[in-house]
Amino acid sequence: MSQNVYDTLVERGYIKQFTHEQEIKELLGKEKITFYIGFDPTADSLHVGHFIAMMFMRYMQQAGHRPIALIGGGTAMIGDPSGKNDMRKMMTKETIQHNVDCIKKQMEKFIDFSDGKALIVNNADWLMDLNYMDFLREVGVHFSVNKMITAECFKQRMEKGLTFLEFNYMLMQGYDFYELNKKYDCKMELGGDDQWSNMIAGVNLVRKKSQKDVYAMTCTLLTNSQGQKMGKTVGGALWLDPEKTSPYEFYQYWRNIDDADVEKCLCLLTFVPMDEVRRLAALKDAEINKAKEVLAYEITKIVHGEEEAAKAQEAARAVFASGGKSDNMPTTEYDKETFESMDILALLAETGLAKNRSEARRLVIQGGVSVNDVKITEIDKKFNEQDLDDDGSIVIKKGKKGFHQVKVK
């Protein structure tokens, strides 16, 4: 008999909290259920924080359970206050729709939507036409304000001021579960641990209104050994869209993580079998780099495909091994006039090796920048044809791990 997906998820470290642990274990073992995870379309791409949810979903689907990817076209009109110090920026309906379309395309790379094996549903379909009076009478009556204001998702906002708009978010998310249960017999909600309060609200609402047994389990958030969220880069979030974060940059991020985070990332973000995960995670000192290579390759393969993963790996090896170049490393092209008008600070900022000129200045002053392996010490340093290699390029290096090739046409 195949392993209960519950055991797989626990062994790999996915599960943080359950509403009904024993019942969930039994349910997942005896029947194939429909479950859902919600994604608010706050950008036109998913990022690595969503990727862990996609992996959670994929493991469930591989075990025969049916996922619903719920895109929050309706809830995005309000904005989730969870973990936020300030109210989210309000988006237009057009922006939300554009983001929904982009995210749908990305999800198809991870989840099998053929023959009804998974569904993509947009909560705008039921939230946008709700009658507010009916909603208050049917749904609002089941929510205790006393209980809501103690919820973790509102705590950070209570100090600065929580708007009534955002206070409604929990009711909306709870109502989503009620609708999905009614339409698709959806029995479980999965999500990040920061959604725990909202998920409990949904479970309680369905149980009260429909008298049906439904459940929720949360996933560990992707944090490093210091407890900080992973997936932040110089350019902001680590996006799954190759136009926003190139496959090489994506690969490099995982290749350069701390030794202490290798095992967790192999467990949560790859399909590498657990025996092999334990073997790789046990490697010490320089040997741990082999584990990081496996990690970076496997994650990049899932997100960008085998060909891009192989290119990124080849580029990284070429640069690390010889300080050399590769056609696959990040490259920016300039015409001769533009190139010669830019100083080192402009080049660092334009290529994304620094966030802005002030960060670039700090890097140069601290001795962290070299061009073609020559350390740069002047903040107003400019380059010309004499500085270019035979192929008309230079390689800018930031620290030990940041590389960018500049080609002059």
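A few points about this structure:
- Candidates MET133, MET170 - the one that is aliphatic (A, V, I, L, M) and surrounded by fewer than 12 Cβ atoms within 10 Å (Cβ to Cβ): MET133
- Verdict on VAL141 being surrounded by fewer than 13 Cβ atoms within 10 Å (Cβ to Cβ), touching a helix residue (DSSP H, G or I) at 6+ places or on another chain (Cβ under 9 Å) and farther than 27 Å from ILE68 by Cα: no
- Contacts under 6 angstrom Cβ, first residue in the stretch 145-164 being outside the structural domain of ASN198 (by TED's automatic domain parsing) and under 12 Å from ASP194 (Cα atoms), partner surrounded by 12 or more Cβ atoms within 10 Å (Cβ to Cβ) and not charged (D, E, K, R), 6 or more apart: none
- Cβ pairs under 6 Å, 6+ apart, first in the stretch 100-125 and without any contact (Cβ under 8 Å) to a residue 40 or more places away in the chain, second surrounded by 13 or more Cβ atoms within 10 Å (Cβ to Cβ): LYS104/ILE120
- Residues that are within 26 Å of PHE39 (Cβ to Cβ) and in a loop (DSSP other than H, G, I, E, B) within the stretch 124-147 comprise MET128, ASP129, LEU130, VAL139, PHE143, listed in sequence order.
- Complete set of residues in the stretch 250-275 that are part of a loop (DSSP other than H, G, I, E, B) and hydrophobic (A, V, I, L, M, F, W, C): ILE257, PHE271, VAL272
- Total residues in the stretch 358-381, condition touching a strand residue (DSSP E or B) at 6+ places or on another chain (Cβ under 9 Å) and surrounded by 14 or more Cβ atoms within 10 Å (Cβ to Cβ): 10
- Test for ASP194: is it closer than 22 Å to ASN122 by Cα and exposed (fewer than 15 other Cβ atoms within 10 Å of the Cβ): no
- Note on the stretch 9-53: residues that are assigned to a helix (DSSP H, G or I), touching a helix residue (DSSP H, G or I) at 6+ places or on another chain (Cβ under 9 Å), in contact (Cβ under 8 Å) with a residue 40 or more places away in the chain and surrounded by fewer than 16 Cβ atoms within 10 Å (Cβ to Cβ) total 1.
- If the condition is being within 18 Å of THR270 (Cβ to Cβ) and touching a strand residue (DSSP E or B) at 6+ places or on another chain (Cβ under 6 Å), then the stretch 1-38 contributes LEU9, TYR14, ILE15.
The values are calculated or read from the model by the stated rules, or taken from the named source; none is laboratory data. In this text, all values refer to a predicted model and were calculated from it rather than measured experimentally. Cβ sites come from the backbone with ideal geometry, for glycine too, and all protein chains shown count toward neighbours.
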